[in-house]
1. Could you figure out which of (1) in contact with an Asp or Glu (Cβ under 9 Å, 6 or more places away or on another chain); (2) not in a strand (DSSP E or B) isn't true of ALA69?
2. Looking only at the range 104-114, filter to residues that are under 14 Å from the mean Cα position of the chain (by Cα) and not hydrophobic (A, V, I, L, M, F, W, C); which one of those is surrounded by the fewest Cβ atoms within 10 Å (Cβ to Cβ)?
3. Got a number for residues in the range 20-31 being within 15 Å of THR55 (Cα to Cα) and buried (at least 20 other Cβ atoms within 10 Å of the Cβ)?
4. Restricting attention to the range 1-33, and to residues there that are more than 21 Å from PRO111 (Cβ to Cβ) and of a type in the set (Phe, Trp, Tyr), which single residue is modelled with the lowest pLDDT?
5. Does THR40 satisfy the criteria of being of a type in the set (Val, Ile, Thr), in a loop (DSSP other than H, G, I, E, B) and at negative phi?
6. Please note which helices (runs of 4 or more DSSP H) are completely contained in the range 111-176 and include at least 1 residues that are closer than 18 Å to ALA35 by Cβ.
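The values are calculated or read from the model by the stated rules, or taken from the named source; none is laboratory data. These numbers were taken from a predicted model, which means no experiment stands behind them. As a convention, Cβ positions derive from the backbone with ideal geometry for all residues, glycine included, and neighbour counts pool all protein chains shown. Remember, those area values only see protein heavy atoms, side chains included, never the ligands or the DNA or RNA. Shrake-Rupley method; radii C 1.70, N 1.55, O 1.52, S 1.80 Å.
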Amino acid sequence: MHAPLVGMYALSNRGWYQGDGIGLVDDKGRVSIPAALRQTLAANYPKANGKDGGTVIVGTHQKHRCLVAYDPAYLDILVAKLEKREAENTADDGELDYNIKRRAAAGEAVPFDGSGRFIMPAFPRHYARIKGHAFFYGVLDMIEIWDPKTLIETTDYPDVVKEMAEFQMAERGAQL
């Protein structure tokens, strides 16, 4: 666990989302979060009853055609980061850039079971073009969820991550 600072907000005792994996997505949008990422979700926001599973917030990415996922405890940290960005990007006349929060507000809390299985909300899944497979990638404070083909076609994304998705798909014997 780490306690980094975000502006003046400490992320005390939070685990980092690191790791990657491919999940098979069924027709209803059910998919399993890879084990390493699921463990961090559960550690960052344990269920009150101590049982396996938990809650994950899933929404659209602010820039890319993919999804983001994070634990509910991260929401306060995200809001603080967005308010800071909003304050730093206020127009000369005092007008806020309302799109800063709009782009990040599309999250929906969904339950996941002990094996990490959850149902991706329909519109975010449609927006990210996720159909048969979902590539999960931990980016420290949250998880990105991509359609592998869309990720590989994204021009401003690191090649090493694209190759991770290609590798994961090949390991499963799946076509892009």
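1. (2)
2. GLU108
3. 1
4. TYR9
5. Working: of a type in the set (Val, Ile, Thr): yes; in a loop (DSSP other than H, G, I, E, B): no; at negative phi: yes.
So THR40 does not fit the description; no.
6. Because the criterion is at least 1 residues that are closer than 18 Å to ALA35 by Cβ, the helices (runs of 4 or more DSSP H) in the range 111-176 that meet it are 159-171.
Residue-wise test of (1) more than 25 Å from LYS51 (Cβ to Cβ); (2) open to solvent by 60 Å² or more (accessible area, probe 1.4 Å).
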residue: PHE136; (1), (2): no, no
residue: LEU140; (1), (2): yes, yes
residue: PRO148; (1), (2): yes, no
residue: ASP156; (1), (2): yes, yes
residue: VAL160; (1), (2): yes, yes
residue: ALA165; (1), (2): yes, no
